[in-house]
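Chemist: Take this structure, written in structure tokens, and hold onto it; I'll ask about it next.
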Amino acid sequence: MITQRAMRAKFVQMATLVGLAGLILGKAVSQDHTHSEPDYGPEIRAGASELIETGQIPNAITLIAEDNMIVFRDAQGWQDVSSDIAASEAMLFRHFSSSKPMTCAAIMTLVDDGLVDIEAPVKTYLPAFSDMQVRTAEGLVPAERDITIRDLMTHTSGIVYGQSPSLVSSDYTEANVNAIANRMDESLAEHNQRLAEMPLVAQPGTEWNYGESMGVLGGVVEAVSGQSFGDYLHSRLFAPLEMNDTGFYAADDRAERLSQLYMRDEEGHAQPVGDYPGFGGDYRKAPALEYGGAGLVGTAGDAMNFLIMLLNGGAFNGKRVLSEESVAMMTTDQLDPALGTAPISFGFPDPRWENVGFGFCGLVVRPGAAGHLGAAGEYGWSGLAGTDTWIDPEANRAVVIATQAIPNPASGLDYPLSTLVRTAIYGD
């Protein structure tokens with residue numbers, strides 16, 4: 001039996017497909033009624049519907065561009081399940097960590113302007129990051145060299161997330177150093193000052209460790225530009241890329257388009273978590289801390305504009321946003337070969353990371369990455385609540401996936417929408 005909710009979802013889905021078809025480089029074009037859907041389209045659409053109907057995710061927004069044209073788009077589910085507010089491409093979602101490549105792009109604009117040197121010590125711009133200490137099993141030892149901007153952009157700085165198990169977890173926990181949890185309570189400068197007092201988990205440049213490095217990059221932007229991080233992002237990235245709905249909160253009339261946030265329970269069903277402070281609190285209010293590692297909200301269309309710019313070597317709609325050299329550096333593996341064939345680690349062995357390297361603020365798939373559902377040369381990053389954004393230069397493809405369902409360790413740390421889309425595109 002088809003429920004009334006299911007009928008409404010199908011209507012919204014069809015309206016989206018009919019009324020919003022066809023973009024080139026972020027601009028609406030006349031609909032091409034002869035254009036056939038990619039072979040992977042029906043599998044994505046049917047699979048997303050099943051994930052929503054079974055309660056695993058509340059919503060699913062998918063945009064795929066090939067050769068600078070949107071070839072597939074799908075919006076299903078609910079912006080707010082309890083209120084029967086249907087999801088659409090206009091829905092705002094929390095990027096969480098898919099904010100990171102945008103932070104990197106902001107730094108690269110300053111590199112293009114000759115104002116930031118990638119190889120320079122961070123202390124050149126933020127003196128608090130001088131004389132760092134490293135925690136070892138035997139105790140604290142001095143850092144053998146300074147943290148550089150490159151270290152921050154490649155997660156080899158020794159700075160971590162305190163909530164992840166490590167030798168420095170207790171240091172972060174006792175000092176309450178957690179950018180996303182404190183985004184309403186302290187400024188970026190205040191946060192970075194306290195972060196600089198934390199010991200490093202490893203000597204700079206010697207290990208890949210996921211952490212709060214991108215927040216430090218935001219501080220570098222503020223120090224060099226003299227603007228708030230949010231203002232700089234708007235002027236140098238979001239405005240020229242026509243990312244009109246992207247920012248650090250859902251301001252004014254955009255608030256009504258912000259998705260509810262969910263977390264999957266032990267049975268794998270998405271349950272609302274409200275404005276839980278540990279996930280950043282109320283994203284309808286301006287934060288004190290504009291955090292480049294996880295703080296942005298936006299639409300799928302905005303995120304696609306960013307990816308199209310990368311695919312086009314830094315240009316968007318005739319405007320030069322980044323130099324070709326900067327985009328090439330961002331999207332090329334930057335890790336030292338000495339870090340091995342599986343440098344990316346989240347604390348446990350995972351074959352999916354074999355032959356996956358890291359560029360600036362995003363993964364880069366190396367040839368022979370058999371465990372990764374993707375393509376060699378892919379660049380991108382994902383977010384806590386199920387966002388996944390990447391470019392596949394070989395296929396001239398860009399993909400944006402958005403949902404708002406945080407995984408639960410008890411039911412598996414998986415992202416079913418991302419797996420679905422990747423399998424449909426790249427699976428056998």
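The values are calculated or read from the model by the stated rules, or taken from the named source; none is laboratory data. Model, not experiment: these values are computed from the prediction. Every residue, glycine among them, receives a Cβ derived from its backbone with ideal geometry; neighbour counts consider all protein chains shown.
Chemist: Out of everything in region 48-79 that is of a type in the set (Asp, Glu) and closer than 14 Å to Asp392 by Cα, what residue ends up being surrounded by the most Cβ atoms within 10 Å (Cβ to Cβ)?
Modeler: Top of the filtered list is Glu66.
Chemist: Among the candidates Ser82, Ser97, Ser49, single out the residue that is more than 22 Å from the chain's Cα centre (by Cα), part of a helix (DSSP H, G or I), under 22 Å from Gly412 (Cβ atoms) and of a type in the set (Ser, Thr, Tyr).
Modeler: From the options Ser82, Ser97, Ser49, the qualifying one is Ser49.
Chemist: Return yes when Ser166 is under 19 Å from Gly219 (Cα atoms) and touching a strand residue (DSSP E or B) at 6+ places or on another chain (Cβ under 9 Å) and no when it is not.
Modeler: Answer is no for this residue.
Chemist: If Asp245 satisfies all but one of (1) over 18 Å from the mean Cα position of the chain (by Cα); (2) closer than 15 Å to Met102 by Cβ; (3) among the charged types (D, E, K, R), what's the number of the condition it fails?
Modeler: Evaluating Asp245 over (1) over 18 Å from the mean Cα position of the chain (by Cα); (2) closer than 15 Å to Met102 by Cβ; (3) among the charged types (D, E, K, R) leaves (1) as the failure.
Chemist: Looking at region 101-130, which of its residues are crowded, with 21+ Cβ neighbours inside 10 Å, in a loop (DSSP other than H, G, I, E, B) and of a type in the set (Val, Ile, Thr)?
Modeler: Passing the criteria: only Val116.
Chemist: So, one more: Based on what the data block shows, is Leu310 in a loop (DSSP other than H, G, I, E, B) and either closer than 29 Å to Tyr161 by Cβ or without any contact (Cβ under 8 Å) to a residue 12 or more places away in the chain (or both)?
Modeler: No: the conditions fail for Leu310.
Chemist: Separate question: If you scan region 194-245, which residues turn out to be among the charged types (D, E, K, R) and either closer than 21 Å to Gly362 by Cα or not in a helix (DSSP H, G or I) (or both)?
Modeler: Glu197, Glu207, Glu212, Arg236, Glu242, Asp245
Chemist: Now for a separate question. Considering every residue within region 152-165, establish whether at least one is modelled with pLDDT under 95, polar (S, T, N, Q), part of a loop (DSSP other than H, G, I, E, B) and closer than 22 Å to Asp275 by Cβ.
Modeler: Checking region 152-165: at least one residue is modelled with pLDDT under 95, polar (S, T, N, Q), part of a loop (DSSP other than H, G, I, E, B) and closer than 22 Å to Asp275 by Cβ.
Chemist: Taking region 203-224 as the search range and keeping residues that are touching a Ser or Thr at 6+ places or on another chain (Cβ under 6 Å) and either surrounded by fewer than 18 Cβ atoms within 10 Å (Cβ to Cβ) or aliphatic (A, V, I, L, M) (or both), which one is modelled with the lowest pLDDT?
Modeler: Ranking the candidates gives Met214 first.
Chemist: Right, next: Scanning region 172-202 for residues that are surrounded by 19 or more Cβ atoms within 10 Å (Cβ to Cβ) and either of a type in the set (Ser, Thr, Tyr) or out of contact with any helix residue (DSSP H, G or I) (no Cβ under 8 Å at 6 or more places or on another chain) (or both), which turns out nearest to Leu335 (Cα to Cα)?
Modeler: Ala202
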